[in-house]
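See structure below.
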Amino acid sequence: MMNNGKLNRRDFLRYGTMAAGAVALAACAPVAPGAAPAAGGAAAPAAASGANQLEIFSWWTSGGEVEALNALYDIFKKKYPDVEIENSALTGGAGQGGNMKALLETRMQGGQPPDSFQVHLGHELIDSHVKADRMEDLETFYKDEGLTDVFPKDLVDIASMNGKPWSVPVNIHRSNVLWYRTDKLEAVGAEPPKTWDELFAVADKLKAKEIPALAIAESEPGFCGHEFENLLVAILGPDDYRGLFTGKTKWDDAKVTEALTTLNKVLDYANPDYLSTTWGDITDRFMADSAPAMMIMGDWTHGVLKSKNFTNYKWAPAPGTEGIFIVLSDSFGLPKGAPHRDNALNFLRICASKDGQDAFNPIKGSIAARTDADKSKYDEYQLSAMADFKANTLVPSIQHGAAAKQSFVLDYDLAINLLATKRDVAAAQAKLVAAAADAEFEAA
Ligand code: GAL
């Protein structure tokens, strides 16, 4: 069933058109560096005060995320002590809560951009903001900073449209990781499952001992979408998975049905309250005595667990994805009309630098986008991710903005959420088919 045909890194992604639609303003206040996000209030553009500021948008509000971003800010503050950093961090970027993305969209459409913002490299930036002519290209910046020599060419290609790069990748994250509690698997004498059938067998053993098998968070659409991209890759294999975004593989394919049916079965082994559980909740539960034995999540989870000094866990490729690396990258770009353009460029310089990446990534759980990272700064998991990134077949993440434009991701999440709520495979697949038609993948 699996197709492990080696894919060219350059082919990693390149599909999709048009900007994301307008979204409603989710009013939330910016957060001071290091602080937790505020619950309400409107974010005023930093430029309004006319002060020497740097306003950065991100959805990094969890453990690991906050500390990693602060590591970049610390370098910035040392170099530019007179600049006041406005940390406009809001929750909800990766899932559909979407506070940060919604507010960003409103600000960008209203001509009030922040100085820079976190955005997934590739479609999420290009289809939403570059095609809408809201970004400055970074061709000169890349040349001046020598970035084409230190980023893998395939990554620069992903950052590019019309031969010019549009954002600076600060990391590489892996989507397809099975995190498991060593003590829980040992309690049932199980090895980490390599296939979905094995996972269900292990889950049955856990169930028999009343140990929660698998943690799922779907309080807002998005993290079941994350599980589902892992299943699609496992069941379709890299080539057919990539074909989903070119029209080559149809979304009504029997293998997509199999992936949906498998996800439906996975939900039987999940925490029964998965519809009201957040990503933060399951990470907290994973550290508790009554922890679920396994969860499939990107390696930002490693950053969170590290930030809590929790060590009682290990990792493996998500079932059926050994030799494959589902990749995504966080990046920062330069909006047209950035109120403090020079400060923004200085921030981008830090994001791009070896020091910046080697300060940020060891904390974030990711690996550096630069090829010259100082390996002594990274831990065992990250060294294994670096090796896999080099050796594995790379495929783009849907959920995290690499494979397809944001409007498709929204529809995809709603389809998978329908499965999570109604447990109706056919209805979910019909929605996926409609979403793919709207996205016009066939024309890609
Ligand atoms: C991803 C993002 C990561 C991490 C994660 C969870 O989309 O790339 O950096 O923040 O969401 O919030």
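The values are calculated or read from the model by the stated rules, or taken from the named source; none is laboratory data. Bear in mind that the values here come from a model prediction, so they are computed numbers and not experimental data. Heads up, the Cβs are rebuilt from the backbone with ideal geometry, glycines too, and the neighbour counts pull from every protein chain shown. Note: accessible area is taken over every heavy atom of the protein model, side chains too, but ligands, DNA and RNA are not part of it. Shrake-Rupley method; radii C 1.70, N 1.55, O 1.52, S 1.80 Å.
Taking the condition open to solvent by 10 Å² or more (accessible area, probe 1.4 Å), within 23 Å of Ile363 (Cβ to Cβ) and more than 20 Å from the chain's Cα centre (by Cα), does Arg349 pass?
yes
Quick grid of which residues meet (1) among the hydroxyl-bearing types (Ser, Thr, Tyr); (2) farther than 19 Å from Leu121 by Cα; (3) within 13 Å of the ligand (Cβ to nearest atom); (4) without any contact (Cβ under 8 Å) to a residue 60 or more places away in the chain:
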| position | (1), (2), (3), (4) |
| --- | --- |
| Trp300 | no, no, yes, no |
| Phe310 | no, yes, no, yes |
| Tyr313 | yes, yes, no, no |
| Leu328 | no, no, yes, no |
| Phe332 | no, no, yes, no |
| Ala344 | no, no, no, no |
| Phe347 | no, no, no, no |
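Please tell me if Ala391 is in contact with a strand residue (DSSP E or B) (Cβ under 9 Å, 6 or more places away or on another chain), over 19 Å from Ala159 (Cα atoms) and not assigned by TED's automatic domain parsing to the domain that holds Leu263.
In short, yes.
Only one of (1) outside any helix (DSSP H, G or I); (2) open to solvent by less than 30 Å² (accessible area, probe 1.4 Å); (3) outside the structural domain of Ala203 (by TED's automatic domain parsing) fails for Pro339. Which number is that?
Checking Pro339 against (1) outside any helix (DSSP H, G or I); (2) open to solvent by less than 30 Å² (accessible area, probe 1.4 Å); (3) outside the structural domain of Ala203 (by TED's automatic domain parsing), the one that fails is (2).
One line per residue, one yes/no per condition, for (1) open to solvent by 60 Å² or more (accessible area, probe 1.4 Å); (2) touching a Gly at 6+ places or on another chain (Cβ under 7 Å):
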| site | (1), (2) |
| --- | --- |
| Ser353 | no, no |
| Ala359 | no, no |
| Lys375 | yes, no |
| Ala404 | no, yes |
| Leu419 | no, no |
| Ala437 | yes, no |
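Given the conditions (1) crowded, with 24+ Cβ neighbours inside 10 Å; (2) of a type outside the set (Val, Ile, Thr); (3) within 13 Å of the ligand (Cβ to nearest atom), and given that Ala318 satisfies all but one, which numbered condition is not satisfied?
Ala318 satisfies every listed condition except (3).
Considering the range 194-245 alone, what residues qualify as being crowded, with 24+ Cβ neighbours inside 10 Å and either among the acidic types (Asp, Glu) or outside the structural domain of Trp279 (by TED's automatic domain parsing) (or both)?
Glu218, Glu227, Glu229
Only residues in the range 258-277 that are more than 18 Å from Leu432 (Cβ to Cβ) and in contact (Cβ under 8 Å) with a residue 40 or more places away in the chain count as the first member; pair them with residues that are open to solvent by less than 40 Å² (accessible area, probe 1.4 Å) and charged (D, E, K, R), Cβ under 9 angstrom, at least 6 apart or cross-chain, and list the lot.
What qualifies is Ala270/Glu218; Tyr274/Glu218; Leu275/Glu218; Ser276/Glu218; Thr277/Glu218.
Answer with yes or no whether Ile363 is within 16 Å of the ligand (Cβ to nearest atom) and open to solvent by 10 Å² or more (accessible area, probe 1.4 Å).
yes
Go through the range 386-402 and give me each residue that's in contact with a Gly (Cβ under 9 Å, 6 or more places away or on another chain) and within 16 Å of the ligand (Cβ to nearest atom).
Of everything in the range 386-402, those that are in contact with a Gly (Cβ under 9 Å, 6 or more places away or on another chain) and within 16 Å of the ligand (Cβ to nearest atom) turn out to be Pro396, Ser397, Ile398, Gln399, His400, Gly401, Ala402.
So that you can scan it fast, the table gives a plain yes or no per residue for (1) under 14 Å from the mean Cα position of the chain (by Cα); (2) closer than 24 Å to Phe325 by Cβ; (3) of a type in the set (S, T, N, Q):
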| site | (1), (2), (3) |
| --- | --- |
| Gln399 | yes, yes, yes |
| Ser407 | no, no, yes |
| Asn417 | no, no, yes |
| Asp424 | no, no, no |
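Quick grid of which residues meet (1) of a type outside the set (Ser, Thr, Tyr); (2) touching a His at 6+ places or on another chain (Cβ under 9 Å); (3) open to solvent by less than 20 Å² (accessible area, probe 1.4 Å):
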site	(1), (2), (3)
Thr371	no, no, no
Asp379	yes, yes, no
Leu394	yes, no, yes
Gly401	yes, yes, yes
Leu410	yes, no, no
Arg423	yes, no, no
Ala427	yes, no, no
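Scanning for something farther than 20 Å from His302 by Cβ, within 15 Å of the chain's Cα centre (by Cα) and at pLDDT below 95, does the range 99-120 turn up at least one residue?
Yes.
Counting only residues that are among the small types (Gly, Ala, Ser) and in a loop (DSSP other than H, G, I, E, B), how many does the range 305-329 have?
4
Report whether or not Ala344 is in the same structural domain as Gly243 (by TED's automatic domain parsing) and outside any strand (DSSP E or B). Quick ask: steps written out before the conclusion?
Values: in the same structural domain as Gly243 (by TED's automatic domain parsing): no; outside any strand (DSSP E or B): yes.
Considered against the rule, which asks whether it is in the same structural domain as Gly243 (by TED's automatic domain parsing) and outside any strand (DSSP E or B), Ala344 comes out as no.
Find all pairs meeting these conditions: Cβ atoms under 6 angstrom apart; at least six residues apart or on different chains; first residue within the range 161-179 and touching a residue at least 24 places away in the same chain (Cβ under 8 Å) and within 16 Å of the ligand (Cβ to nearest atom); second residue open to solvent by less than 10 Å² (accessible area, probe 1.4 Å) and among the acidic types (Asp, Glu).
Matching pairs, first to second residue: Val170/Asp330; Asn171/Asp330; His173/Asp299; Arg174/Asp299; Val177/Asp299.
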